Amino acid sequence: MSTQQQLIIIGNGMVGHHLVEQLVDNGGLERYQVTVFGEERHRAYDRVHLSEYFSGRDAESLALCEADYYAVSGVELRTGEAVIEIDRDQQEVVTDQGRYPYDRVVLATGSFPFVPPIPGNDRDGCLVYRTLDDLDDIRAAAENATTGVVVGGGLLGLEAANALRGLNLDTAVVEFASRLMPMQVDNEGGELLREKIEALGVQVLTERATQRIEDGEASRHRMVFQDDKVLETDLIVFSAGIRPRDQLARDCGLEIGERGGVVVDNQCLTSDPAILAIGEVALWNQSIFGLVAPGYQMAKTALSTLTDGDTQFGGADMSTKLKLLGVDVGSIGDAHGNQNPGARMFRYLDPIKQEYRKLVVSSDGKKLLGAMLVGDNGVYDTLLQYYSNGIELPDEPASLILPQSSGAAPTLGPGALPETATICSCHNVSKGDICASIDAGAIDLGGVKGDTKASTGCGGCTALLKSVVDHELEARGVEVDKSICEHFAHTRQELYDIVRVEGIKTFSELIAKHGNQDTHCLGCDICKPAVASILASCFNEPITDAAHIPLQDTNDTFMANMQKNGTYSVVPRVAGGEITPDKLIVLGEVAKKYSLYSKVTGGQRIDLFGARLEDLPDIWSELIAAGFETGHAYGKSLRTVKSCVGSTWCRYGVQDSVGMAIQLENRYKGLRSPHKIKFGVSGCTRECAEAQSKDIGIIATENGWNLYVCGNGGMRPRHAELFATDLDDEQLYRTIDRFLMFYVRTADRLQRTSVWRENLDGGLEYLKEVILEDSLGINDELERQMQSVVDTYQCEWADAISDPEKLKRFRSFVNDDRPDPSIIMTSERGQLRPA
Amino acid sequence: MTATALKKEMDSVDTQHTEAWQKVCTKADLVAFSGVAAWLETAEGPAQVAIFYLPVGPDTPSLPDHSTELYALDHHDPFSSANVIARGIVGDLKGATVVASPVYKQHFRLADGQCLEDESVKLRTWKIEFKDDEVWIEG
């Protein structure tokens, strides 16, 4: 459109990206042709969860949008191109690659980490913690380091300390003030925080001003403090606060605050009305807002300003709920109680449980002005609602922070919240917005999230959002239907429990006793395979037995994978990917004899395609005679345990990964589960088996095995999460036994471990409690159950070819021996394929 | 009623259709609550037929219109163009007895071959009966 104006957004951080989303979603692109400059090479990513970069997430999974989002939306994103000047006279933005004319500019350049002016602060291995590239630098420097120090004990400093711990460094935090997180907590809270963090093995040094950094004796650096005490370390990360990146604005003469920051008004306009500023670079009412939620509010204000709306930025609540180094810290409003004369304080300190809670209450005792939490954020959501909605406090406000057993007030239910209550502050979603979404047709949490974006920012409101959605759905009489299909008013998990508890061994018994009375009782292609899988997990009878065969998908029925022309593929088990030359020759001979297309799979075995139904028994007779067994490539069951060659051959291997892979594959082969399961075992940290993309990943260490769980490749890749470290062989089997059986018990039908894990209330911590600490007291049972599956394993194909009754089905036609004449093959690259 | 008597009765009722009834297999060839395929020579040429057997007995599910235990439909799946219908899972959906294609999972009514997901698609059906332990198809 010729009337389009040029809008340039400088900065592609979280706030800059949010503005782009706002423009895209609200028709802003009809008016503006938008160009975004990002100095970093990555497109916008989630800086809030940056430390997860060291616990398995990569740049792609931290990205805030799909790789083609900008292109598809029609916004030009120029990453790796830094703006060096705003030429206000010419109305042009200048980069090292060119000059770009503008009608409007939005500055979203964010902030940079403040590095204290200490001599030696520019030594090699003195780094900052802000961007993905910074993290790459930290990771590289950590390779040859054993100790690390973070300068700064605030929010970001503790995040950085967590990152250094994640790199297995002995970590210390050095703070100038007398306590950690001086902005958020008081002395009592700070002391508790120190105890908890020291208990994690992180050294905490407060009231330490670093004077200089010089060569160390035992380590690379030595930090010298004001009292001449010293601390030696290999790596130093500065995280002593942030400063607005306002240089571009300074250079072009925009009004700047005394201590930095581009001055903006309520419309986010700078002193030049063609230029706006949002996020951490913007100074509003003498304040910089260093959180993502106010930044998003500024982005919405900027959208309004750019499109002649009247939304104004009116400041932002800096209340925040964090989990730092696993320690809950919450801060609401005037947490220190020093902004409201006459405010009264309630404090609760539990030195055993290490919990500290403080309320700041108005002089009449009616309103909550602020709150501080250390050790447990359980009451944060409730307190925040009292605070932000001005809800009148109960007669005894202290009841809000007392332990539940002392008759504490019940938490503020979702029903008690007013329509205006903000549920998600990142995306500014109110309870009213959620109700509107439900009234417009959203029927579950996912629908509401999709409509409103609630809980897709920092994720802090997840639990609250769920309770509001559930409450509102119930209020509308919606019963969330989790039935597996029309034949059972039960989830897969419930069916599993019924089968186990009542010892039901057939589908017909299950549907007769527990099926819906108002449907007919044949079952369907949803519930039948699901129940077949449950029965197999529990009792492990051959799936081709007469009672079970009508339940199976065609792949399980014929124990091969149906291809698009009705032929099957055959995959014998090659445990751990290890195969003798003799067996390789047999595979080749069988493939040749039955004209099978051969391809090596991603799971280190060989797939033989194009087998005709009637040839399957003969093919398997020959394979079994040569010592092969079924590979369950057709089943929702253990597929492969991929391995690298390990210490047997590899110069770097520290354990026998192939041996372990074979052990594991033989242990779990035949286990029927909600979906397929893949393993990987790597013999060293180089991870050549790509174990972290598997449901179960095992990586050898000097001392044993590290176990990772719930990874996935495929459509939605997910890195597996570290679950337990340095296990010996026995511990490894026990832990996997429990984990797999717990998954088999509780997952939905066709739910991989990765999705199961993401939907598991309580997440990884809960899973660890159940599996490692036996919090449910079920581990003996889980192990017994797995042992029973292991003990009753039999090769399904060996069972089938010894039973003429079972082989009856492997005929193309019951009344004619001819093969199906409509299967036609053609030749390509020396092999047959469907014509 | 003997098989011969039944056949005579069929022939007399079905005067418009002169195709012969053919024996395709015996009860022992069938798989209860599932399907097998048969090769049929008909007046229009050869056909691959999927035969489903839903036995009626004291311990078997009660179904709507479960007067018949046998169904014969096209073995050919029009969505995948593969001959695989007999290898699908038999079930009931919203009151109708159906088979799900094992390839792309469309459902076909056993009684008349109608596809539930696409009303323009319908499989052919054949009359099929037990004559004692033998399975006979008209085609």
(request) Please turn the phi angles of the range A:590-603 into ³J(HN,Hα) values with the Karplus equation 6.51 cos²θ - 1.76 cosθ + 1.60 (θ = phi - 60°), one per residue in order, whole Hz, x for glycine and proline. (result) 5, 4, 5, 4, 9, 6, 9, 6, 10, 8, 7, 8, x, x
(request) Starting from the Cα-Cα distance between A:Ile585 and A:Thr307, subtract it from 0.36 nm times their residue separation and give me the gain in nm to one decimal. (result) 93.0 nm
(request) Pop out the Kirkwood hydrodynamic radius of the range A:317-417 from its pairwise C-alpha distances, inverse of mean 1/r, in Å to one decimal. (result) 13.6 Å
(message) As a test of the definition: which semi-axes, in Å, follow for the range A:143-245 when you take the square root of five times each eigenvalue of its alpha carbon gyration tensor? Largest first, please.
(response) 21, 16, 14
(request) Give the residues of the range A:654-675 whose amide nitrogen is closer than 15 Å to a point set 7 Å from the Cα of A:Arg686 in the direction of its Cβ. (result) A:654-658
(request) Would you give the gap between the C-alpha center of the range A:544-583 and the C-alpha center of the range A:777-835, rounded to a whole Å? (result) 4 Å
(request) Compute the distribution of all C-alpha to C-alpha distances in the range A:636-714, in bins of 10 Å from 0, and list the percent of pairs in each, rounded to whole numbers. (result) 23, 52, 22, 3
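Hey, any idea what Rg/Rh is for the range A:557-627, computing Rh the Kirkwood way over Cα pairs? Write out the running numbers ahead of the final one.
On the way: Rg = 11.4 Å, Rh = 12.3 Å.
Value, to two decimals: 0.93.
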(request) Please work out, to two decimal places, the log10 of the ratio I(q)/I(0) at q = 0.20, 0.24, 0.29 Å⁻¹ from a Debye calculation in which every Cα of the range A:231-272 carries one identical scatterer. (result) -0.66, -0.83, -1.04
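So which GluC sites (Glu not before Pro) in the range A:139-240 end up in coil per DSSP with only 15 or fewer other C-beta atoms within 10 Å? Mind dumping the intermediate values first?
On the way: sites: A:Glu143, A:Glu159, A:Glu175, A:Glu188, A:Glu191, A:Glu195, A:Glu198, A:Glu207, A:Glu214, A:Glu217, A:Glu232; in loops: A:Glu143, A:Glu175, A:Glu207, A:Glu217.
Answer by residue number: A:Glu143, A:Glu207, A:Glu217.
Determine, from the Cβ-Cβ distance of A:Ala82 and A:Gln794 and an R0 of 56 Å, the FRET efficiency 1/(1 + (r/R0)^6), rounded to the nearest 0.05.
E between A:Ala82 and A:Gln794, to the nearest 0.05, is 0.30.
In whole Å and largest first, what semi-axes does the C-alpha gyration tensor of the range B:78-137 yield when each eigenvalue is scaled by 5 and square-rooted? Please list the in-between numbers first.
Details: eigenvalues 92, 36, 26 Å².
One finds semi-axes of 21, 13, 11 Å for the range B:78-137.
List the GluC sites (Glu not before Pro) in the range A:747-835 that DSSP assigns to loop (not H, G, I, E or B) and whose Cβ has at most 10 other Cβ atoms within 10 Å. Which are they? Don't jump to the answer; show the numbers that get you there.
Details: sites: A:Glu758, A:Glu765, A:Glu769, A:Glu773, A:Glu781, A:Glu783, A:Glu796, A:Glu805, A:Glu828; in loops: A:Glu773.
Passing sites in the range A:747-835 are A:Glu773.
If you take the C-alpha gyration tensor of chain A, multiply each eigenvalue by 5 and take the square root, what semi-axes do you get, largest first, in whole Å? Could the numbers behind the result be given before it?
On the way: eigenvalues 572, 202, 189 Å².
Rounded to whole Å, the semi-axes are 53, 32, 31.
Considering all alpha-carbon pairs of the range B:21-138, what whole percent are spaced by more than 23 angstrom? Walk me through the intermediate numbers first.
Values: 1647 of 6903 pairs.
Within the range B:21-138, distances greater than 23 Å cover 24 percent of Cα pairs.
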(request) Let me have the relative contact order for the range B:21-138, percent, based on Cα pairs under 8 Å that are six or more residues apart. (result) 25 percent
(message) With bins 5 Å wide starting at 0, give me the P(r) of the range A:490-577 over every alpha carbon pair, in whole percents.
(response) 3, 13, 22, 20, 17, 10, 9, 4, 1, 0
(message) Could you tell me which residue out of B:Ser80, B:Tyr53, B:Phe130 lies farthest along the dipole of the range B:21-138 toward its positive end? Charges go on the beta carbon: Lys and Arg +1, Asp and Glu -1, centred on the Cα centre.
(response) B:Ser80
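What does the charge add up to near A:Ile242, with Lys and Arg as +1, Asp and Glu as -1, over the other residues with Cβ less than 14 Å from its Cβ? Walk me through the intermediate numbers first.
Working: positive: A:Arg47, A:Arg130, A:Arg243, A:Arg245, A:Arg259; negative: A:Asp134, A:Glu159, A:Asp246, A:Glu280.
With Lys, Arg at +1 and Asp, Glu at -1, the neighbours total +1.
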(request) Compute the FRET efficiency between A:Asn285 and B:Thr68 as 1/(1 + (r/R0)^6), taking r as their Cβ-Cβ distance and R0 = 60 Å, and round to the nearest 0.05. (result) 0.15
(request) Please go through the residue pairs A:Lys449/A:Lys482; A:Lys564/B:Lys131; A:Lys592/B:Lys23 and name each one whose alpha carbons sit more than 30 Å apart in this structure. (result) A:Lys564/B:Lys131; A:Lys592/B:Lys23
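Take every residue in peptide B:30-37, count the Cβ atoms of other chains within 10 Å of its Cβ, and give the average of those counts. Present the calculation step by step, with values, prior to reporting the outcome.
On the way: counts 2, 8, 4, 10, 7, 2, 6, 9.
Average per residue, whole number: 6.
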(request) Go from 0 up to the bin containing the longest alpha carbon distance in the range A:444-596, width 10 Å each, and give me the % of pairs per bin. (result) 9, 23, 21, 22, 18, 6, 1
(request) Give, rounded to the nearest 20 debye, the magnitude of the charge dipole that the range B:21-138 has about its Cα centre when Lys and Arg contribute +1 at Cβ and Asp and Glu contribute -1 at Cβ. (result) 200 debye
(request) Report Rg(Cα)/(2.2 N^0.38 Å) for the range A:252-306, keeping two decimals. (result) 1.01
(message) Amide H of A:Asp695 versus every other amide H placed in the peptide plane: which residues, excluding those fewer than 5 positions away on the same chain, fall under 5 Å?
(response) A:Lys678, A:Gly711
(request) Within the range A:56-83, which residues have the backbone N less than 15 Å from the label spot 7 Å out from A:Phe112 along Cα→beta-carbon, could you tell me? (result) A:82-83
(message) Please compute the length gained on full extension between A:Leu772 and A:Asn187, using 0.36 nm multiplied by the number of residues separating them and subtracting their Cα-Cα distance.
(response) 207.1 nm
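I'd like the Kirkwood hydrodynamic radius of the range A:565-698, using the inverse of the mean 1/r over distinct C-alpha pairs, in Å. Provide the component values of the computation, followed by the final result.
Working: mean 1/r = 0.0649 Å⁻¹.
Kirkwood radius, the range A:565-698: 15.4 Å.
What per residue convex hull volume, in Å³, do the alpha-carbon atoms of the range A:223-333 yield? Don't jump to the answer; show the numbers that get you there.
Values: hull volume 19.0 nm³, N = 111.
Convex hull volume per residue, Cα atoms: 171 Å³.
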(message) For a Förster distance of 25 Å, can you work out the FRET efficiency between the beta-carbons of B:Ala111 and B:Ala20, rounded to the nearest 0.05?
(response) 0.60
(message) Please compute, for the alpha-carbon atoms of the range A:698-795, the extent along each of the three principal axes and give them in descending order in Å.
(response) 36, 34, 34
(message) Out of the chymotrypsin sites (Phe, Trp or Tyr not before Pro) in the range A:621-695, which ones are loop residues according to DSSP with at most 14 other C-beta atoms within 10 Å?
(response) A:Trp649, A:Tyr652
(request) Could you name the aspartates and glutamates whose alpha carbon sits less than 16 Å from that of A:Lys583, not counting residues in the same chain fewer than 8 places away? (result) A:Asp607, A:Glu622, A:Glu629
(request) Show the residues, 5+ positions off or on another chain, whose built amide H is closer than 5 Å to the amide H of A:Lys366. (result) none
(message) Please compute the volume of the convex hull spanned by the alpha-carbon atoms of the range A:81-148 and report it per residue in Å³.
(response) 136 Å³
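Read the figures in this text as sums done on the coordinates, not as results from a lab. Not measured: the values here are computed from a predicted model. When we count neighbours, we look across all protein chains shown, and the Cβ atoms used for this are built from the backbone with ideal geometry, even at glycine.
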